[in-house]
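First up is the structure itself, then whatever we jot down about it.
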Amino acid sequence: MPEEQSGAVKSNGLALIPFAVFIVIYLGAGIILQAQGVEMAFYQFPSVVAALIAVVAAFAMFYEAGIMDNFSTFAKGAGNEDVMCMLMIFLLAGAFSAVAGAMGGIDSTVNMGVTFIPARFITAGMFVIAAFLSVATGTSMGTVGALVPIAVGLADKAGLSMPLILAACLTGAMFGDNLSMISDTTIASTRTQAVELKDKFKTNFWIALPAAIITIVLLVVFGAPETATAVDAGEFSAIKVLPYVLVLVLALLGMNVFLVLLIGILAAGVIGMGYGDITALDFAGNIWTGFQGMIEVFLLSMFCGGIAELTKRYGGLQWLVEKVSAFCKGKKSAQVGIATMTGLTDMATANNTVAIIVTGSLSRDISTKFGIDPRRTASLIDIASCVMQGFIPYGAQMLTVMALSEGAASPLAIMGCNWYLMLLTVFAILSIVIPKYSDFVCKGEWDWENHKPMSDKA
């Protein structure tokens, strides 16, 4: 059984001010820039700078302990084992995505999907392609960027519902963002809850799968083209899709995630050099490019880890756990509370990875207090953040869809067709309130002493 809160740290709500500073600055800058008509307004003010200001605020608030004492606490949080593992996985995931993309993996995946999906299933097919591509690459933004221009052309040519096909691309991308072994959200949710990627995937999968199946059926029924249309697809190589499949299979088999990503990077590099798409120098450069693409989330994770440790030391997290716990009567309400808290944080920050990093430590404390299986918590916070991210009109995914489709459909119309995200929410709730479904979704008891599933015990 989980241990109860020790109560050794005195509850202090004021210790949460640094986190409030971060959210207010990040959200406030976005609102102001949005009012001024700036494109991608919520992504103009660097999140890392907002976090740095929050760090300074924390040091100023707790000045009585001394700068070096506070820095020691901050460094303990920033250098926490889970945080450091998360940072290394971020870097390797970024490198894999960059190398696989550079050798033509994304283009081959899209073209292969368009080639083999019958024209009458175009809308449903775009959802399936987006889902596979986002699971394989770990990026919803890259998926949206690759598919939306194709979807717009197909919709115009075949007389398809523009909001529906754009929603299919968006929600398919969020499917992978939520499930992918190498997405920022999966990495953050599993490391903050200290669970294995494969365990979170299995739990999450049985919530996402029925939602995806029903969505595909609905898209087949309501997304059929008015006229028979030949789909023009570019060239593809199945070999270039292999690194994505390799990473997914090895991760599901339980191989260490560091080895999985290193093998994926090497496989993508060898295939790319074998086909002449990249040179050895390009291979090294793409790895560095992938690292650079993760710098923001890398630094943000460090800063948030440090702030969380300071907040914990001075009683902020204890206060928040007590307040949230007051509204929770047991496991079910606590799970709803954790998911709601994460979703609202994503609404405020317009970034699902940031939302998970900010709320991860608190979610873990609440889960421990109420005996909630951490595999379930990791799944819920990932689902809640991705659902909200797919709906907010100022989220990067929706803004990218609007930009690439040149306003062919309004955000409100697209949101009304986000059937997968609606169904995902329904099945997530059902997995909480229906005992048999809950047991099926998260199989086996959790070993609180050794912090792993009972089935993994020697």
Exception for ILE271 within (1) within 30 Å of PHE22 (Cβ to Cβ); (2) open to solvent by less than 30 Å² (accessible area, probe 1.4 Å) falls at (1)
Selection from region 196-243 of residues modelled with pLDDT under 90, over 30 Å from GLY269 (Cβ atoms) and open to solvent by less than 20 Å² (accessible area, probe 1.4 Å) yields GLY223, THR229
Of the residues in region 434-455, those that are open to solvent by 70 Å² or more (accessible area, probe 1.4 Å), part of a helix (DSSP H, G or I) and not hydroxyl-bearing (Ser, Thr, Tyr) come to PRO435, LYS436, ASP439, PHE440, MET454
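Please determine, by comparing only the residues of region 94-136 that are aliphatic (A, V, I, L, M) and assigned to a loop (DSSP other than H, G, I, E, B), which one is surrounded by the most Cβ atoms within 10 Å (Cβ to Cβ). Give the derivation first.
Applying the first criterion (aliphatic (A, V, I, L, M)) to region 94-136 yields 95, 98-100, 102-103, 106, 110, 112, 114, 117, 119, 122, 124, 126, 128-131, 133, 135-136.
Restricting the remaining residues to those that are assigned to a loop (DSSP other than H, G, I, E, B) gives 103, 117.
Values: MET103: 29, ILE117: 17.
In this case the residue turns out to be MET103.
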Flagged in region 246-268 as crowded, with 19+ Cβ neighbours inside 10 Å and either in contact (Cβ under 8 Å) with a residue 60 or more places away in the chain or of a type in the set (Lys, Arg) (or both), in numbering order, are VAL247, LEU248, ALA251, VAL257, VAL260, LEU261, GLY264, ILE265, ALA268
Scanning region 158-170 for residues that are buried (at least 24 other Cβ atoms within 10 Å of the Cβ) and more than 21 Å from PRO118 (Cβ to Cβ) gives LEU170
Subset of region 128-150, residues without any contact (Cβ under 8 Å) to a residue 40 or more places away in the chain and under 18 Å from the mean Cα position of the chain (by Cα), comes to THR143
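The values are calculated or read from the model by the stated rules, or taken from the named source; none is laboratory data. Just so you know, these numbers come straight off a predicted model, no measurement behind them. Using ideal geometry, Cβ is built from the backbone for each residue, glycine included, and neighbour counts are taken over all protein chains shown. In case anyone asks, the SASA skips ligands and DNA or RNA and just uses the protein heavy atoms, side chains included. Shrake-Rupley method; radii C 1.70, N 1.55, O 1.52, S 1.80 Å.
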